[in-house]
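Okay, structure first, notes after.
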Amino acid sequence: MKTPLLSVVIPLLNEEKNLLPLYGELSTTTKQLEHFKHYEFIFVNDGSCDNSLDVLKKLATADDRVKIISFIRNFGHENATYAGIHHAKGDAVVLIDADRQDPADLIIEFEKHYIEGYDIVFGQRTKRLNESWLKKCTSTLFYPLFKKLTKVDMPSNTGDFCLLSRKAVTTFKLLPENQVFVRGLIYWSGLPKKAVPFVRRSRASGTSKYNYTKLTIFALENIISFSTVPMYALVFGSLGLIALCSLGGLIALVMKILGLVVMTGWTSLMLALLFLFACNFFALGILGIYISKIFQELKQRPMFVVSELIGIEANTTAIGANYAYLKK
Ligand code: UDP
Ligand code: MG
């Protein structure tokens, strides 16, 4: 029987100081696994401009389990994770960030639930150390909203830190879009999942690459990618406003006919006008995001350009024409 292989996918951007300690943690953890006896650590270098790639190359020379996919420039965390999943050969695939916020030893727990038969085993954050209250608040709001609007049962307080069975990976790879929200696509399948609670540590070194503007765009785009509810909300919202305005008009007309004083006041008029204009621009914005999504998908551009592959084969058979390799 083939010895089960575990692939660990690590997307990274400028994480030179975190790579050696992370590699150490992963090596120690994988030694303690019961089921998986073979491993590959797929580091996806998402256009780092520090020494991350050199550090990885040294690791790869010393340890052939270390594999590198290096992008020519930064294509984003989601695309880097996507590339890692598509190149992973394992019977199961673990996704973990490079900044050591996710404790690698949780993989031991993940494996136990994988053996029990779960296809998606994910880390659920019970606490987030050193994260601002605004980040905590926005993420508390995002998950229920996403679930409500999209009908995708994505659990609250999760990141990408998870273990996926080969079945979950195959389902993920079937989804042909090239604007990816990895987490959304993972839970879209509806495969059996199990949460493993953990405390999310603060970053070991470096800074987060997501600021509030990026996070807002991320939340809006991902909800819109998975749901048409915002469009219907616009239709029903405007119908409601039309009904309200008609009622107001009718009341004013009746009052006029009865000779009663018709509402006066410039302020209320201006406020109503401004409010309606704001609604209009908001609606246009939502439509704009849908159109931009269609535009991006239609172009079918490759999701990344690989400049170097070390210890790993090019995967050109993956969905569509999502890949472009400068070298193989
Ligand atoms: N990352 C990446 N490409 C990017 C941004 C981030 O590969 O464009 C990596 C980053 O190095 C880290 C992971 O994605 O390993 C999560 O990023 P980050 O820690 O900045 O996100 P946060 O934990 O603050 O949500
Ligand atoms: Mg982080």
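The values are calculated or read from the model by the stated rules, or taken from the named source; none is laboratory data. Just so you know, these numbers come straight off a predicted model, no measurement behind them. Glycine gets a Cβ as well: all are built from the backbone with ideal geometry, and neighbour counts include every protein chain shown.
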| request: For residues that are surrounded by fewer than 22 Cβ atoms within 10 Å (Cβ to Cβ) and either part of a strand (DSSP E or B) or over 22 Å from the mean Cα position of the chain (by Cα) (or both), scanning just the range 5-18, find the one that is farthest from ligand 1 (Cβ to nearest atom). | output: Leu5
| query | Are any of the residues in the range 25-36 at pLDDT 95 or above, in contact with a His (Cβ under 7 Å, 6 or more places away or on another chain) and under 19 Å from Ala80 (Cβ atoms)? | reply | no
| request: Any residue in the range 179-203 that's in contact (Cβ under 8 Å) with a residue 60 or more places away in the chain and among the charged types (D, E, K, R): show its pairings with residues that are part of a helix (DSSP H, G or I) and surrounded by fewer than 18 Cβ atoms within 10 Å (Cβ to Cβ) at Cβ separation under 8 Å, as long as the two are six or more apart or on different chains. | output: Lys194/Glu116
| field | Members of the range 188-218 that are assigned to a helix (DSSP H, G or I) and more than 12 Å from ligand 1 (Cβ to nearest atom) | value | Trp188, Thr213, Thr216, Ile217
| What do you reckon, is Val55 more than 16 Å from ligand 2 (Cβ to nearest atom), touching a residue at least 60 places away in the same chain (Cβ under 8 Å), closer than 25 Å to Val305 by Cα and hydrophobic (A, V, I, L, M, F, W, C)? | no
| task | Within the range 105-159, track down each residue that is in contact (Cβ under 8 Å) with a residue 40 or more places away in the chain and among the hydroxyl-bearing types (Ser, Thr, Tyr). | result | Tyr114, Tyr118, Thr126, Thr138, Thr150
| query | Out of (1) part of a strand (DSSP E or B); (2) more than 16 Å from ligand 2 (Cβ to nearest atom); (3) surrounded by 19 or more Cβ atoms within 10 Å (Cβ to Cβ), the odd one out for Leu185 is which? | reply | (1)
| task | Kindly list the number of the only condition in (1) near ligand 1 (Cβ under 10 Å from one of its atoms); (2) under 24 Å from Phe304 (Cβ atoms); (3) of a type outside the set (Asp, Glu); (4) surrounded by fewer than 22 Cβ atoms within 10 Å (Cβ to Cβ) that fails for Ala80. | result | (4)
| query | Got a number for residues in the range 24-56 being touching a strand residue (DSSP E or B) at 6+ places or on another chain (Cβ under 7 Å) and in a helix (DSSP H, G or I)? | reply | 5
| task | May I ask you to list the residues in the range 104-129 that are surrounded by fewer than 17 Cβ atoms within 10 Å (Cβ to Cβ) and within 16 Å of ligand 2 (Cβ to nearest atom)? | result | Lys127, Leu129
| message | Condition first: away from ligand 1 (no atom under 11 Å from the Cβ), within 23 Å of Val305 (Cβ to Cβ) and not hydrophobic (A, V, I, L, M, F, W, C). Now tell me which residues in the range 83-116 satisfy that. | response | His86, His87, Lys89
| said: Regarding the range 304-315, can at least one residue be identified that is more than 23 Å from Gly47 (Cβ to Cβ) and either of a type in the set (A, V, I, L, M) or at pLDDT below 80 (or both)? | reply: no
